[in-house]
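Below: one structure, written as structure tokens.
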Amino acid sequence: MTTLTIDLPDILAKEATNAGLLAPDAIEAMLGENLRRRAAADLFAAADQLTAARFPPMSMEEIQAEVAAVRTQGKQRAFGA
């Protein structure tokens, strides 16, 4: 468990306290939600970058070859090869 100390303007601290926003569970929920939003935004940004890169489409045979290669790597790792 980590303890945080933050400096807030008095009026903000009072309003946040009155609203129950400075309770540990409320802060935990707010931080978790913010992290989820950022992760989703990062995912969409990466998808936009991939779209902008305009990679040529893969044929079904190329996709199957990639899947087979990943499966082979997984099996090799599983068996310590």
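Just so it is clear, none of the values below were taken in a lab; they were calculated from the coordinates. These numbers were taken from a predicted model, which means no experiment stands behind them. FYI the Cβ positions are ideal-geometry reconstructions off the backbone, even for glycines, and counts take in every protein chain you see.
Rounded to the nearest 0.05, what FRET efficiency do GLN76 and PHE44 have when you use their Cβ-Cβ distance and R0 = 35 Å?
Numbers: r = 34 Å, r/R0 = 0.96.
Working from the Cβ atoms, E equals 0.55.
All other residues with a Cβ under 15 Å from the Cβ of THR17 taken together, and with Lys, Arg as +1 and Asp, Glu as -1, what is their net charge?
Values: positive: LYS14; negative: ASP7, ASP10, GLU15, ASP25.
It works out to a net charge of -3.
What FRET efficiency, computed as 1/(1 + (r/R0)^6) with R0 = 41 Å and r the Cβ-Cβ distance, is obtained for ALA26 and ALA52, rounded to the nearest 0.05? Plugging the Cβ-Cβ distance into 1/(1 + (r/R0)^6) gives 0.60.
Legend: translational diffusion of the chain by Stokes-Einstein, Rh = Kirkwood radius over C-alpha pairs, 20 °C, 1.002 mPa s; D = 119 µm²/s.
Each Lys and Arg Cβ is given +1 and each Asp and Glu Cβ -1; about its Cα centre, the chain then shows a dipole of about 400 debye. Dividing the summed helix terms, -39500 (n - 2.57) for each DSSP H run of n ≥ 4, by the number of residues in the chain produces a 222 nm estimate of -24500 deg cm²/dmol to the nearest 500.
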